[in-house]
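**Q** Have a look at this one.
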Amino acid sequence: QVQLVESGGGLVQAGGSLRLSCAASGRSFSNYAMGWFRQGPGKGREFVAVISWSGRNIHYADSVKGRFTISRDNAKNTVYLQMNSLKLEDTAIYYCAARDSALLPTTSDLYAIWGQGTQVTVSS
């Protein structure tokens with residue numbers, strides 16, 4: 001079983017950048033598709049990005065395409081989310097999630113393993 005711990009959140013001004021990390025424990029990390037989701041104030045959990053186990057296949061939500069980059073380092077059991085050109089509406093708790101699948105799920109109910117989340121706040 002994989003366990004996930006996110007880090008890297010914080011307060012940043014609009015237009016700035018942050019890099020989130022999600023460290024995984026467990027021997028099978030490289031078998032998992034890894035996703036990032038977020039939940040803003042008063043909103044439901046929203047898909048952000050997903051990366052396949054190999055890193056070759058990636059999918060982004062339209063709202064972050066061109067600004068966010070997901071990547072992974074299987075040797076370090078870590079997945080990253082580089083967030084550039086941050087906007088006020090990017091403010092949310094960001095979660096990473098894992099699914100033992102070759103597919104690239106974009107809905108939260110298809111992920112069984114979740115981290116505790118890290119807060120990202122974008123100020124004007």
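The values are calculated or read from the model by the stated rules, or taken from the named source; none is laboratory data. The structure displayed is predicted, hence computed values, not measured ones. Positions of Cβ are generated from backbone atoms using ideal geometry, with glycine treated the same way; all protein chains shown enter the neighbour counts. What goes into the accessible areas is simple: the full protein's heavy atoms, side chains included, and nothing from ligands, DNA or RNA. Shrake-Rupley method; radii C 1.70, N 1.55, O 1.52, S 1.80 Å.
**Q** Exactly one of (1) in contact with a Leu (Cβ under 6 Å, 6 or more places away or on another chain); (2) of a type outside the set (Lys, Arg); (3) open to solvent by less than 50 Å² (accessible area, probe 1.4 Å) is unmet by His59. Its number?
**A** (3)
**Q** From the list Phe68, Phe47, Phe29, exactly one residue is over 25 Å from Gln1 (Cα atoms) and among the aromatic types (Phe, Trp, Tyr). Which is it?
**A** Going through Phe68, Phe47, Phe29 in turn, just one is over 25 Å from Gln1 (Cα atoms) and among the aromatic types (Phe, Trp, Tyr): Phe68.
**Q** Out of Tyr111, Tyr94, Tyr80, I need the residue that is within 21 Å of Gln1 (Cβ to Cβ) and touching a residue at least 40 places away in the same chain (Cβ under 8 Å). Which one?
**A** Being within 21 Å of Gln1 (Cβ to Cβ) and touching a residue at least 40 places away in the same chain (Cβ under 8 Å) holds for just one of Tyr111, Tyr94, Tyr80, which is Tyr111.
**Q** Still on this model: Answer yes or no as to whether Thr121 is open to solvent by 20 Å² or more (accessible area, probe 1.4 Å) and modelled with pLDDT of 95 or more.
**A** The answer is yes for Thr121.
**Q** (1) surrounded by 13 or more Cβ atoms within 10 Å (Cβ to Cβ); (2) outside any strand (DSSP E or B); (3) without any contact (Cβ under 8 Å) to a residue 40 or more places away in the chain: which one isn't true of Trp53, the others all being true?
**A** (3)
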